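For reference, the structure is listed below as structure tokens.
The values are calculated or read from the model by the stated rules, or taken from the named source; none is laboratory data. Keep in mind it's a predicted model, so treat the numbers as computed, not measured. So basically every Cβ, Gly included, is an ideal-geometry build from the backbone, and we count neighbours across all protein chains shown.
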Amino acid sequence: MYRLTRGAEKLPTPPALDSSQRAVVEHPGGPLLVLAGPGTGKTTTLVECVVDRIERRRATPDSILVLTFSRKAAADLRARIAARLGRTTVTPMAMTFHAFCYALVRRFGEEVGVESDDFGAPLRLLTGPEQEFRVRETLQGSLETGRAQWPDSLARAFPTRAFASEVRAVLAKARQLGMDPDDVVAAGQATGREEWVSVGTFFDEYLDVLDAEGVLDYAELVHRCRILLSKPEIVATLRSEINCVFVDEYQDTDPSQVRLLQVIAGDGRDVIVVGDPDQSIYAFRGAEARGILDFPELFRTRDGAPAPVLALNRTRRFGSALLVASRRVVSRLGLPRSLPADVFEAFRHPTADPNLPKGKVEIFTCRSTSQTSCGAHTFATIVRGVRWQSWFAPGAP
């Protein structure tokens with residue numbers, strides 16, 4: 001016979017936070033921008049902020065919203081928060097921006113007519129390949145119907161997949177900038193760009209196709225969510241439910257996501273964003289580094305002052321040798337005038353954990369395609385036996 005018995009409850013030991021991390025956790029409320037470089041413990045700090053809100057400030061888990069930029073990161077945050085609390089919870093809500101928008105559209109969808117298709121099936125999001133297929137299919141249809149008059153200059157490119165991919169990117173960028181089809185047409189007419197006028201007309205046709213099928217792409221999802229949040233009663237409902245918002249990897253936000261966050265957590269409400277402007281690498285998805293640089297002005301405190309800015313200033317990922325090498329590279333990127341110089345200096349030049357070995361930096365330069373499989377120069381850094389590689393175009397330093 002086996003008998004299951006409950007063992008002694010063991011809560012995880014709280015992590016040892018440095019002074020800069022504690023300053024973020026102890027932030028009394030209102031908007032806050034946290035600059036955090038690689039290895040400075042930003043995720044740990046974010047988790048401890050949430051735990052502090054629940055354990056010490058007695059906030060309910062369902063009043064906290066945590067936004068990040070990948071499903072994996074959201075799942076990791078949920079697991080780490082639950083582990084620190086010592087109990088499983090349905091909330092706090094840790095999800096991606098798009099998952100949050102999807103939940104809102106599903107909840108309030110009838111306000112914008114996208115809650116289901118004509119057969120009652122729930123709203124469905126298109127994957128990237130599905131969206132590109134819809135664009136190609138609709139482009140072919142636009143030739144047959146003549147609804148969008150495409151200029152002769154695009155005749156040779158029109159049947160190619162590359163052209164469909166470019167059109168898809170333009171539609172996504174337009175929505176990220178908050179533009180409707182009429183806005184794209186007007187921009188084309190104002191600048192004498194026939195291509196833009198055609199894309200704007202096609203944009204309208206493409207949206208008709210999505211509505212008829214009861215589906216949305218990711219850019220359109222955020223746009224529909226912003227339409228929902230133009231309704232005061234919906235905003236009031238959300239603000240009564242969500243008392244604090246945390247955002248990870250804030251440098252990867254696009255303008256439409258920033259505007260969405262302003263509606264939910266603006267006007268001096270509790271919103272803490274963490275990011276690294278030096279790692280803003282998703283411009284091809286519409287992300288703009290200006291989002292993080294303009295945060296203090298866009299999210300002012302209740303008394304109208306710019307939001308405060310703090311920096312995490314100790315890295316635990318590598319030793320002093322690699323830290324010095326990496327700082328020499330980023331020091332060439334310049335200092336933005338929109339952020340406090342002393343805080344940005346602390347962010348750009350953190351200290352290394354003294355308990356870590358200094359590490360080792362080695363550079364290998366391959367000057368021919370026979371020396372490397374990618375046919376480009378290879379920069380390899382070896383630290384404690386681990387190698388990171390990045391590739392530069394031939395002739396790069």
Completion exercise
Of Val209, Val258, the only residue that is of a type in the set (Val, Ile, Thr), modelled with pLDDT of 90 or more and part of a helix (DSSP H, G or I) is Val258
Handout entry: Only one of Glu233, Glu220 that is surrounded by fewer than 17 Cβ atoms within 10 Å (Cβ to Cβ) and either over 13 Å from the mean Cα position of the chain (by Cα) or farther than 25 Å from Ala36 by Cβ (or both)
Key = Glu233
Completion exercise
Scanning the stretch 41-72 residue by residue, those over 16 Å from Val25 (Cα atoms) and surrounded by fewer than 17 Cβ atoms within 10 Å (Cβ to Cβ) turn out to be Thr60, Asp62, Ser70, Arg71, Lys72
Problem - Those residues of the stretch 275-328 which are surrounded by 16 or more Cβ atoms within 10 Å (Cβ to Cβ), closer than 30 Å to Leu177 by Cα and of a type in the set (Val, Ile, Thr), in sequence order - result: Ile292, Thr301, Val309
Exercise for the section: Quick one: which residue in Ile292, Ile272, Ile264, Ile281 is in a loop (DSSP other than H, G, I, E, B) and either aliphatic (A, V, I, L, M) or touching a Leu at 6+ places or on another chain (Cβ under 6 Å) (or both)? Expected result: Ile281
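Listed residues Asp270, Asp276; which is under 16 Å from Lys42 (Cβ atoms), touching a residue at least 60 places away in the same chain (Cβ under 8 Å) and assigned by TED's automatic domain parsing to the domain that holds Arg337?
Asp276
When you look at Ser368, is it surrounded by fewer than 20 Cβ atoms within 10 Å (Cβ to Cβ), among the hydroxyl-bearing types (Ser, Thr, Tyr) and closer than 24 Å to Gln21 by Cα, yes or no?
Working: surrounded by fewer than 20 Cβ atoms within 10 Å (Cβ to Cβ): yes; among the hydroxyl-bearing types (Ser, Thr, Tyr): yes; closer than 24 Å to Gln21 by Cα: no.
Considered against the rule, which asks whether it is surrounded by fewer than 20 Cβ atoms within 10 Å (Cβ to Cβ), among the hydroxyl-bearing types (Ser, Thr, Tyr) and closer than 24 Å to Gln21 by Cα, Ser368 comes out as no.
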Practice task
Consider Glu205 carefully, then state whether it is over 19 Å from Thr96 (Cα atoms), in contact with a Leu (Cβ under 8 Å, 6 or more places away or on another chain) and of a type in the set (D, E, K, R).
Solution key: no
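Collect the residues in the stretch 336-359 that are part of a loop (DSSP other than H, G, I, E, B), surrounded by 11 or more Cβ atoms within 10 Å (Cβ to Cβ) and out of contact with any Gly (no Cβ under 9 Å at 6 or more places or on another chain), keeping them in residue-number order.
Pro336, Ser338, Leu339, Pro340, His349 - these are the residues of the stretch 336-359 that are part of a loop (DSSP other than H, G, I, E, B), surrounded by 11 or more Cβ atoms within 10 Å (Cβ to Cβ) and out of contact with any Gly (no Cβ under 9 Å at 6 or more places or on another chain).
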Practice task
Determine if the stretch 295-307 includes at least one residue that is acidic (Asp, Glu), assigned by TED's automatic domain parsing to the domain that holds Asp270, in a helix (DSSP H, G or I) and under 23 Å from the mean Cα position of the chain (by Cα).
Solution key: yes
Practice task
Could you tell me whether the stretch 181-201 includes any residue that is at pLDDT below 85 and either in contact with a Phe, Trp or Tyr (Cβ under 9 Å, 6 or more places away or on another chain) or under 24 Å from Ala287 (Cα atoms) (or both)?
Solution key: no
Fill in the blank from the handout: All-but-one check, Trp196 against (1) in the same structural domain as Gln131 (by TED's automatic domain parsing); (2) within 20 Å of Pro31 (Cβ to Cβ); (3) hydrophobic (A, V, I, L, M, F, W, C), failing number (2)
